[in-house]
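Comments concern the structure below.
The values are calculated or read from the model by the stated rules, or taken from the named source; none is laboratory data. This one's a predicted model, so the numbers in the text were calculated from it and none came from an experiment. Cβ coordinates were reconstructed from backbone atoms using ideal geometry, including for glycine residues, and neighbour counts include every protein chain displayed. Only protein heavy atoms, including side chains, enter the accessible area calculation; ligands, DNA and RNA are left aside. Shrake-Rupley method; radii C 1.70, N 1.55, O 1.52, S 1.80 Å.
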Amino acid sequence: MTARQDVAGKPDPMIPLDDLIEQYGEVPEGNFRYCPGCGLGMAQSALMRAFHRLQLDISQVASAGGSGCYSIMAHYLKSSHVHGSHGRGCAVATGMKLARPELTVLTLQGDGDLLAIGGNHFIHAARRNIDITAICFNNFGFGDTGGQFAPTTPRGSRTATSPQGMPEDPFDPCKLAIGAGATFVARSTVAHPVHLTKTLAQAIAWKGFAFVEVLQHCHVFWGRRNGMPEAIDMINFYRENSAFNSAAIPEEERFGTPVYSEGGEQDIRFVLGVLHQQERPEFSEQYAKLRDRAQAKARAAGR
Amino acid sequence: MKQEIRIAGVGGQGLVSASVILAEALGVIRDFEVVQTQFYSSHITGGSSSGDIVMADEPIVFPWVLEPDFLIAMAQDAVNAHGKGMRPDTTVLVDDIMVDDTSAIPDGVEIHSAPLTRIADEVGSRRCANMVALGAFAKLTGLLSLDQISQAVSARAPGRAELNQQAVEAGYALPFPPGA
Amino acid sequence: MSKQLLFGNQAFCEGAIAAGARFYAGYPITPATEVAEFMSQRMPEVGGTYVQMEDELGSMNAVIGASATGVKSVTASAGPGMALIQNELGQAIVAEIPAVVINVQRAGPGIGNATRSGQMEIMQSRYGPNGECPAVALSPSTVEEAFWLTVKAVNLSEQLRTVVLVLGEGLLGLQRAVVDLPDDYDEVEKVERPRPTLPPADYRGAYAANLRTDIPPIADFGSGYKTIVNTVGIQPIGGGDGSILGMKEGAQDFTIRRLHEKILARKDEITMTEELMLDDAEVVYIAFGTQARSAMAAAAKARARGIKAGVLRLITIWPFPEDAVRAACAKARAVVVPEMNLGQARMLVVNALAGADIPVVGINHVDSSFITPDQIVAKTEEVLQ
């Protein structure tokens, strides 16, 4: 039985933040290192609510991540974590899950970390359908280094390395995940905290490779350069440009590569919700069967 | 006692495999100290290739073949490359159709030409000429009985067992005087 | 014990398994490929895991993840693969995650010559990763030693909480030899990493060191303790999470120095050498790996010609056995260092003998041909003239 199924008590959807932090979080000496108004704090609160909703034993939760603004988040959680090299979270998590399949394994990664330098590990973890929940905090760029563009930055938008406007098209991370073989793919934003909590809980409970794109604003570096200097501007931006997935939205319209320039060309809509679900054998379970057969065969051969 | 053995030819002739089988026979079955090494060009088929063995009745310090006491040459290239360095008191076994010219080999070297490949063809596959060579080596040197070399073939080359055993037997049946 | 004909690359695998390694992540690369092939067969047989990753970076990171959960973990690579993972080696070393990396050295820079052998990564082992990383590296010279030094590597990696490199070579990985290995791996010594015995509330994380020579305990993921494996690597003195506590004065200096001093303080247990005919040696051959075999054969040949030659075989390359080098050369008139590179070990020998007036000459092959005993004897006669 996996840890996630250990129902210790009854989740309280209205649990106060202090109690959540008591159970799942750590408080730094001095200030939190999130910028004031940063979407990461909101994302962390949704993640802790998802843990609570699933009544997870936090000592059985392990995560992996690399470099980026998000990388401090794991230090503010009571779960164990590998704060590893930039982009390698999915590979580290693969090792963790295979070595100890009973753990609930997450990757906490930014969009640059997961999709630029770590893209190869991401697609192969998805292909293997290993039971990892990959959470991508998408803030449209490399925040930790001052807001350079990443593979998710809307075309046309200004960043520290696209002062004339981003000349490349971005990925739709969800579409990439589906193409690579992820068996659960969902999108949400920090501007929709109840939806985000529910989505993260669904993803963690999923047996197989689950991917959640969390649109999380960086008003400091992306917003400021694109006419949205305050956190609330970007919260409103996500709310105004999002739609919940439904049968009414044709499949091809659930994905897209945003285009955004202040006062110029804009083509942006985020379809939120579970965008893909598919049952497929999970890798660590498949490997356990292979191992049982190999051991039986070796015993029979007297090895 | 220390002996250096080289089985040389071109890639695809199974020479490294043959050297592994011989190492198994001499090392595990006959209880000698044995090191087996291999050299080949980067092409799987057609490049020059050799499987080397050092055997001794004491610990082997230097593991590589420098001056073979016994050379099995399965191709003309092998004679050209390794023949001229042979010392007078050594032995060369050459394949009679794959090697035309043994003039590179110095005088005083004992040369045996044998129809290794032709026998393999008769047994059923040219690819088991390496097994014929192993049988011939066992007979010629007297280092291994037919049973011992057959046992090593079974241990190391369990596929195509019947064909391989026939080839080894046919090699062993070549009319060399035992321990020549 | 039973005699068997063992392939060098398999000897690494069996050594790792005998020492208790149960996780292998790999990526095929000549001449280390057979390590992955044997592991894919053997790991599941012994209840372990083999995973083939998307590249060497994936392999080394999977090893870091698996080791963080408390499972002894191994990978192997060569040439460009080793170059690729220098960053990850540094990450594992600074995060103090036990791991063994087998480098079956091939020839040449870049892609080099994949099927050919070399000893060209002596300096890379120590200076490859960024930021003043310590190294522990062992260099086997026979197939049997490949087994036992891999056992030793796993044990040292656990004891020291660091990465231990096994410096194989193509000439060794692709060699077979008759060896006598234990039938029952339960009889092989196994060392476990320090794990906390304190209650979880008192655990100060995986880096709770007070002295520069401390090797603090680390809790396995899922064992009831919160462990942050931190490759940021600037850890506060006395423990706690540096990312939570903030940068403390002296933390950087303490962290970097401790990574080295925890190893150097145990140098006597780590540095291994073999001495051959050194008592009266006027000429000392200092060699390692496969080329030490040439040096040993050369010493016997030189003695037969009346030259008092001896051999110091370096089994441990890092930390470099400087004391053994000095002791071996106490009576030497000349030192010869044969190696399959352009003089990397020679440079270390010269450094160790600084102040002593002894010529140190190299024999350097970079064409992947092994150095013959005759070449060493000829060089010896040249030096003595």
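Toward the positive end of the charge dipole of the stretch B:1-115, about the Cα centre and with charges on Cβ (Lys, Arg +1; Asp, Glu -1), which of B:ILE97, B:PRO63, B:GLY47 goes farthest?
Result: B:GLY47, furthest along the dipole toward the positive end.
Return the long-range amide H neighbours of B:LEU93 (sequence gap of 5 or more, or a different chain), with a cut-off of under 5 Å between placed amide H atoms.
Residues meeting the criterion, in which the H sits 1.01 Å from N, are B:LEU71, B:ILE72, B:ALA73, B:HIS112.
Under 23 Å from the Cα of B:LYS84, which lysines turn up, not counting those fewer than eight places away in the same chain?
B:LYS84 reaches B:LYS2.
Am I reading the A/C interface right? What is its buried accessible area, both sides, 1.4 Å probe, to the nearest 100 Å²?
3300
Which value in deg cm²/dmol, rounded to the nearest 500, describes the helix-derived mean residue ellipticity at 222 nm for chain C, given -39,500 (n - 2.57) per DSSP H run of n ≥ 4 and division by the residue count?
It comes out at -11000 deg cm²/dmol, rounded to the nearest 500.
For the stretch A:105-140 and the stretch C:53-90, what is the centre-to-centre distance using only Cα atoms, to the nearest Å?
Measuring centre to centre over Cα atoms gives 18 Å.
Note the full-extension length gain between B:ARG30 and B:ASP57 as 0.36 nm times their separation in residues minus their Cα-Cα distance, in nm to one decimal.
Full extension from B:ARG30 to B:ASP57 adds 8.7 nm.
Taking every DSSP beta bridge with both residues inside the protein assembly as shown, roughly what % is antiparallel (nearest 5)?
Around 35 percent antiparallel, to the nearest 5.
With the solvent-accessible surface defined on protein heavy atoms using a 1.4 Å probe, which residues belonging to the stretch A:62-78 display a reduction of at least 50 Å² in accessible area in the multichain context relative to the isolated chain?
A:HIS75
Amide H neighbours of C:ALA137 under 5 Å, counting only residues 5+ apart in sequence or on other chains, H built in-plane at 1.01 Å?
Sorted by chain and number, the residues that satisfy this are C:LEU165, C:ILE317, C:TRP318.
For C:HIS260 and C:GLN375, calculate 0.36 nm times their separation in residues minus their Cα-Cα distance, and state this gained length in nm to one decimal.
37.6 nm
Once every Cα of the stretch C:274-384 carries one equal point scatterer and solvent is ignored, give the base-10 log of I(q)/I(0) from the Debye formula at q = 0.19, 0.22 Å⁻¹, two decimals.
-0.87, -1.21
Counting only helical runs of four or more DSSP H residues, what would the 222 nm mean residue ellipticity of chain A come to if each run contributes -39,500 (n - 2.57) and the total is spread over all its residues?
-9500 deg cm²/dmol
By the scheme Lys and Arg +1, Asp and Glu -1, what is the net charge of all other residues having a beta-carbon under 15 Å from that of C:PRO217?
Charge balance near C:PRO217 sits at +1.
Using a 1.4 Å probe over the heavy atoms of the protein chains, calculate the carbon and sulfur portion of the accessible area of chain B as a whole percent.
Details: 3680 of 7350 Å².
Taking all protein chains in place, chain B shows 50 percent carbon and sulfur surface.
Quick check: the distance between the Cα centres of the stretch B:1-68 and the stretch C:18-40, to the nearest angstrom?
25
Which links in A:LYS289/C:LYS190; A:LYS97/A:LYS289; A:LYS297/C:LYS190; C:LYS152/C:LYS226; A:LYS97/C:LYS226 stretch past 19 Å when you go from one Cα to the other?
A:LYS289/C:LYS190; A:LYS297/C:LYS190; C:LYS152/C:LYS226
For a quick check: with amide H placed at 1.01 Å from N, whose amide H comes under 5 Å from A:LEU77's, ignoring anything fewer than 5 positions away on the same chain?
Close amide H contacts, sequence-distant or interchain: A:GLU26.
Quickly work out the C:GLU37-to-A:VAL194 label distance, labels modelled 7 Å from Cα along the C-beta direction, and quote it in nm with one decimal.
Taking the simple label geometry, A:VAL194 and C:GLU37 are separated by 6.0 nm.
With every protein chain present, what is the per residue accessible area of chain A (1.4 Å probe, Å²)?
40
Which whole-Hz couplings ³J(HN,Hα) result when phi for each residue of the stretch A:236-250 is put into the Karplus expression 6.51 cos²θ - 1.76 cosθ + 1.60, θ = phi - 60°, listed in order with x for Gly and Pro?
Running phi through 6.51 cos²θ - 1.76 cosθ + 1.60 with θ = phi - 60° gives 5, 4, 5, 5, 6, 9, 10, 9, 7, 4, 7, 4, 6, 8, x Hz.
Can you tell me which lysines have their Cα less than 21 Å from the Cα of C:LYS331? Leave out same-chain residues fewer than eight positions away.
C:LYS301, C:LYS308, C:LYS379
Using a cut-off of 9 Å between beta-carbons, work out the net charge of the residues near A:GLY208 (Lys and Arg +1, Asp and Glu -1, A:GLY208 not included).
That works out to -1.
Within straight cross-link reach of A:LYS198, meaning Cα distance under 12 Å, which aspartates and glutamates are found once same-chain residues fewer than 8 apart are removed?
none
Taking the Cα centre of the stretch B:103-180 as origin, sum charge times position over the Cβ atoms of Lys and Arg (+1) and Asp and Glu (-1), and report the length of that vector in debye to the nearest 20. Before the final figure, lay out each step's value.
Numbers: 6 positive and 7 negative charges, 51 e Å.
I would put it at about 240 debye.
Note the angle between two axes, namely the Cα long axis of helix C:251-264 and the longest principal axis of the Cα atoms of chain C, as a number of degrees from 0 to 90, rounded to the nearest 10.
50
Quick check: Cα centre of the stretch A:198-248 to Cα centre of the stretch C:125-186, how many Å?
After rounding, the separation between the Cα centres reads 48 Å.
Quote the Stokes-Einstein diffusion coefficient, in whole µm² s⁻¹, for the stretch C:4-124, based on the Kirkwood radius over alpha carbon pairs, a temperature of 37 °C and a viscosity of 0.692 mPa s.
Translational D for this selection: 230 µm²/s.
With a 1.4 Å probe and all protein chains left in place, how much accessible area per residue does chain B have, in Å²?
That works out to 41 Å² for each residue.
So if we plug the beta-carbon distance of C:ILE111 and A:GLU230 into 1/(1 + (r/R0)^6) with R0 = 56 Å, what FRET efficiency do we get, rounded to 0.05?
Working: r = 52 Å, r/R0 = 0.93.
After rounding to 0.05, the efficiency reads 0.60.
Between C:LYS331 and C:ASP253, take the C-beta separation as r, use R0 = 25 Å, and let me know the FRET efficiency to the nearest 0.05.
0.05
At a Förster radius of 35 Å, what calculated FRET efficiency corresponds to the Cβ-Cβ distance of B:ARG87 and B:LEU146, to the nearest 0.05?
The formula returns an efficiency of 0.75 here.
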